Amino acid sequence: MTTPRARGPVVIIGVGNEYRRDDGVGPRVLELLGDPPGVRLAVCDGEPARLIGLWEDAGLAVVVDAVRGDRPGRIHELDLDSVGGHHGNPSSHALGLEAAVELAAALERLPGRLAIVAVEAADFRLGAGLSPPVAAALPALAARVARLAGVSPG
Amino acid sequence: MTHRNDRTLSVGALARVEGEGAMYVKVTGRDVEEVRLDIYEPPRFFEAMLRGRAYTEPPDITARICGICPVAYQMSACAAIEDACGVRVEGQLAALRRLLYCGEWIESHALHIYLLHAPDFLGYPSAVAMARDHRAIMERGLALKKAGNAIVELLGGRAIHPINVRVGGFYRVPARAELAPLAATLRAARDQALATVEWVAGFDFPELTLEHEMLATSVPGTYAIERGDLRTGGGLGFPVAAFEDHVVEEQVPHSTALHARLDGALYLTGPLARYELNGQWLSPPAREAAAAAGLGERCRNPFRSVVVRAVEVLYTVDEALRLISAYEPPSRPYVEVPPRAGTGYGVTEAPRGTLFHRYDLAADGTIEAAVIVPPTSQNQAAIEADLRAFVQARIDLDDESLTARCEQAIRNYDPCISCSTHFLELTVDRR
């Protein structure tokens, strides 16, 4: 499913809400990346139609999101083949990334290539600021996203 | 001998950024004993966070409460703060606010109709499954939603958490020419909106009749959205400053959530209330579409709220086109709003219902108290009462069918939690 297609822009999408603690990790990574040339950065709440709108014309989309897990701060790299079709939803957004990927596939609106970087979160409660293990994972997370998008971290 | 049959439908923890909730239905024998909807209430956190902040901050901060209706939070916040400061925003700035709000309605309603509610009516487990069989329809829904996005992005700065809105108006207002492409998009969206009304009118609607009181924002002569006072189905009208005298949140047994009552009665806000109270002021094309869809002067079946939402999409597309064609850029993007000590009230119509804000300001504009009453918590008691009647009338359905029907019924009210595709988890406890 990850067949590259004609060149298109590179977009990095940070999914999440900065007022839901670790859920804000996606937007926080974008802040760390600064303003890399030739790359579009977007914050998204994970709503599928918006995600599709952000990536449908992209040659490469790198999506960074928080997921539920038992080892906060652990980073996962997923591609199209490892998302979708699961019974449980790994994303922190119930109607989120997985639904977006499946809907985009059904409508042929996936980006040329899709890379998902997920970090296991400890705390999705209301409030600002990341939990210590997720905050500690930020540099590695930003570096991973930057490498996938072909940019140097800001 | 009577076989005692206890069934418990419980809703597992919901993972959703905009709100989390749970639903619990307990059936004993053939009687619904208890229906409880627990809704996580983000506004309490934001109310606390706003205390001590500057009066200019609520539009930005409260926009983060909901990714689906940030404009609603911004508009109610601006209305309340400007009220506290004794400033009224009029003319083209007010028109631009209404245009921005139309964008949010189109976006939110299209999402709800196509991605959340239609799959229920058509018997699909999800929007993805529906899209596989009805690709053209899903494409139409996404195109419609994108037209709403385009308005919010142009006026709000970006589609989620719009950053161009400020107390007194906007940081920047568009030139006339910038609105031209938007008008072209909206003319296409108009056909899609009309087709949406015709499409949803053909769904099968389960029987359910509401007897609740209705509450909506009101501006006589206008289908109220971005400002107004309050009006009820019983004919009572009151100014926004009296909202907290009429709407009282009470502690109820079996629930940690507060239940809102309107003068002691169960009530509903949202599309059905707006249509009943303000429907006469819909545009003629929207009224015609509503009549052709079989809506009548009022609609008391909550399952038909999907039709009302579709009519409201058509209306807001038309209204956005009207506002764009009448647009003349204001000389300044905002009016000055000097702070003063006082209390201000604001109410607007979020896509899912009436959204109330109150702010108490110190003389320098520091926020001393903030109160936010969102539509979902106002509707909670009515939703529970409706589900109780709904489940009771379908007590013989098996658990799986009943669960699916309950999910569909909850989505009638478009609560924040409705973004979760599946939130009923059935546990059967038979004794």
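Per-residue shielding of B:114-123, expressed as the average number of other chain Cβ atoms within 10 Å of the residue Cβ, stands at 1. With R₀ set to 25 Å, the beta-carbon distance separating residue B:288 from residue B:187 gives a calculated FRET efficiency near 0.90. If you take every DSSP beta bridge fully contained in the protein assembly as shown, what fraction is antiparallel? Give it as a percent rounded to 5. Bridges in the protein assembly as shown that DSSP calls antiparallel: roughly 70 percent. Annotation for the range B:80-182: GluC sites (Glu not before Pro) lying in DSSP loop with at most 13 further Cβ atoms inside 10 Å of their Cβ are B:90. The mean number of Cβ atoms from other chains found within 10 Å of a Cβ in peptide A:99-107 is 5, as a whole number. For the pair residue A:75 and residue B:340, label points projected 7 Å from Cα toward Cβ lie 5.5 nm apart. The alpha-carbon positions of chain B define a convex hull whose volume is 131 Å³ per residue. What share of the DSSP beta bridges in chain B is antiparallel, in percent to the nearest 5? Antiparallel: roughly 95 percent of the beta bridges in chain B. Built from the Cα atoms of the protein assembly as shown, the convex hull projects on average onto 26.5 nm², one quarter of its surface area. The stretch between residue B:222 and residue B:244 holds 5.5 nm of extra length on full extension. This uses 0.36 nm per residue minus the Cα-Cα distance.
Comparing Cα centroids, the range B:74-128 and the range B:277-332 end up 13 angstrom apart. Here the label points at residue B:298 and residue B:139, each 7 Å from Cα along the C-beta direction, are separated by 4.2 nm in the simple model. When chain B is treated as a GNM with alpha-carbon contacts under 10 Å, the residue of B:95, B:326, B:290 showing the greatest mean-square fluctuation is B:326. Residues whose amide H comes within less than 5 Å of that of residue B:218, counting only those at least five positions distant or on another chain, are B:229, B:230, B:231 (H built at 1.01 Å from N in the peptide plane). With a simple spin-label model that places each label point 7 Å from the Cα along the Cα-to-Cβ direction, the separation between residue B:204 and residue A:7 comes to 5.4 nm. As a rough guide to protection, the peptides B:274-280, B:294-300, B:222-228 ranked by mean Cβ packing within 10 Å, highest first, stand as B:222-228, B:274-280, B:294-300.
Per residue of peptide B:53-65, the mean number of Cβ atoms on other chains within 10 Å of the residue Cβ is 1. Compared with the direct C-alpha span, the chain from residue B:54 to residue B:326 gains 94.5 nm at full extension, assuming 0.36 nm per residue.
The residue among B:409, B:124, A:8 whose Cα reaches farthest toward the positive pole of the charge dipole of the protein assembly as shown, with charges on the beta-carbon of Lys, Arg, Asp and Glu, is A:8. The helix-only estimate of mean residue ellipticity at 222 nm for chain B, built from DSSP H runs of length n ≥ 4 each weighted as -39500 (n - 2.57), is -13500 deg cm²/dmol after division by the residue total. Residue B:114 sits among other residues whose Cβ lies under 9 Å from its own Cβ, and their net charge, with Lys and Arg +1 and Asp and Glu -1, is +2.
Neighbours of residue B:101 by Cβ distance under 9 Å: Lys/Arg scored +1, Asp/Glu scored -1, total -1. Rounded to the nearest 20 debye, the dipole magnitude of chain B is 840 debye, with +1 charges on Lys and Arg beta carbons, -1 on Asp and Glu beta carbons, and the Cα centre as origin.
Here's how it looks for residue A:67: its modeled amide H is under 5 Å from those of A:119, A:120, A:121, which are all 5 or more places away or on a different chain. The residues packed around residue B:169, meaning those with a beta-carbon under 9 Å from its beta-carbon, carry a net charge of +3 if Lys and Arg are +1 and Asp and Glu are -1.
Each value in this text was obtained by applying a stated rule to the coordinates, not by laboratory testing. Just so it is clear, the model here is predicted, and its values are computed rather than measured. Neighbour counts run over all protein chains shown; Cβ positions are idealised from the backbone, glycine included.
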